[in-house]
Ligand SMILES: Cc1ncc(COP(=O)(O)O)c(C=O)c1O
């Protein structure tokens, strides 16, 4: 039975054109669809009602990582960064998007010679889709996680440093197992048995005045949200941000722990394997970081504004004084 929502957006972008959402289809036997031979990026856009502006958060960093994923998979570039930037701005403007939104860029191999599913091809496809994405209630409530019985894929098999659809088979196994067992999501250990990441997020723990996260060599995607969080923690809260291997038991002993990802944003981990983290409630450091994160993403510091600047910003409007003041 189909579970497709009827609330699909009207428009999407496919191979250079804005088209209807329903027309955004790729061939079932393309390499991208059949074997997950694609790379992708998920970017969030935040609506600021005071500025009447939609901000695409760290778009250029996401496009840089898309290029890195393409390079690792030896995928030719059909659209350069300027074209993709123009495409997403056109899609969001044409859709008149004025709410928090999650945008996905996908580039994949299309058909190899004689439909060879593994053959190198310069024939690629690219699509961009955007869905309304309000903040998850887990941002407030936190999540209960389980260490997965599945290990994270590794750089010598299917590199987790890149975002390719095929990597998410590993994520799906762990996510479904965790949910079947009554948890919200999973945490992966890597091939060495130290902490890696969650199915679609990075992980960090608070140990005293330090925030610790596994390094890029621990079997993780090097997260953009994690990078923002680390900068806010050190610059604004005076905490030390460190990348080093993390043992499973350090999770149980952490004062606080969190998931960091574009889609998840910063979510408190309140339980691991049924063991409370700290008090078993979202901790004070995480709450401060969430506030700083929200300010950062909604006020445009590292963002690309979607709509052309209006003559006067709300903040810049001159004060109109009442007579007699
Ligand atoms: C496997 C995986 N790890 C980590 C992340 C977090 O990365 P980012 O913060 O750059 O979105 C994501 C999400 O993009 C992911 O899919």
Of residues in segment 28-55 being surrounded by fewer than 18 Cβ atoms within 10 Å (Cβ to Cβ) and more than 27 Å from residue 223 (Cβ to Cβ), the one farthest from the chain's Cα centre (by Cα): 29
Some residue of segment 106-121 being surrounded by 21 or more Cβ atoms within 10 Å (Cβ to Cβ), closer than 22 Å to residue 259 by Cα and outside the structural domain of residue 181 (by TED's automatic domain parsing): no
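Right, residue 149: assigned to a strand (DSSP E or B) and surrounded by fewer than 19 Cβ atoms within 10 Å (Cβ to Cβ) or not? Walk me through it before giving the result.
Values: assigned to a strand (DSSP E or B): yes; surrounded by fewer than 19 Cβ atoms within 10 Å (Cβ to Cβ): yes.
It is true that residue 149 is assigned to a strand (DSSP E or B) and surrounded by fewer than 19 Cβ atoms within 10 Å (Cβ to Cβ).
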The listed residue being assigned to a helix (DSSP H, G or I), within 15 Å of the ligand (Cβ to nearest atom), modelled with pLDDT of 95 or more and more than 17 Å from the chain's Cα centre (by Cα), out of 225, 217, 249: 217
Given (1) farther than 13 Å from residue 135 by Cα; (2) not in a helix (DSSP H, G or I), index of the condition residue 285 fails: (2)
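Could you check segment 1-113 for strands (runs of 3 or more DSSP E) lying wholly inside it with 1 or more residues that are without any contact (Cβ under 8 Å) to a residue 24 or more places away in the chain? Spell out the reasoning first.
On the way: elements: 11-14, 17-20, 38-48, 53-57, 101-109.
The strands (runs of 3 or more DSSP E) meeting that bar are 17-20.
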Set 151, 244, 192: member being in the same structural domain as residue 283 (by TED's automatic domain parsing), out of contact with any helix residue (DSSP H, G or I) (no Cβ under 7 Å at 6 or more places or on another chain), within 16 Å of the ligand (Cβ to nearest atom) and modelled with pLDDT of 95 or more: 151
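So is residue 126 crowded, with 16+ Cβ neighbours inside 10 Å and in the same structural domain as residue 22 (by TED's automatic domain parsing) or not? First the steps, then the outcome.
On the way: crowded, with 16+ Cβ neighbours inside 10 Å: yes; in the same structural domain as residue 22 (by TED's automatic domain parsing): yes.
For residue 126, the condition - crowded, with 16+ Cβ neighbours inside 10 Å and in the same structural domain as residue 22 (by TED's automatic domain parsing) - is met.
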Failed criterion for residue 298 (all others in (1) under 24 Å from residue 182 (Cβ atoms); (2) at pLDDT below 95 hold): (1)
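The values are calculated or read from the model by the stated rules, or taken from the named source; none is laboratory data. Small disclaimer: the values here were computed from a predicted structure and weren't measured. When we count neighbours, we look across all protein chains shown, and the Cβ atoms used for this are built from the backbone with ideal geometry, even at glycine.
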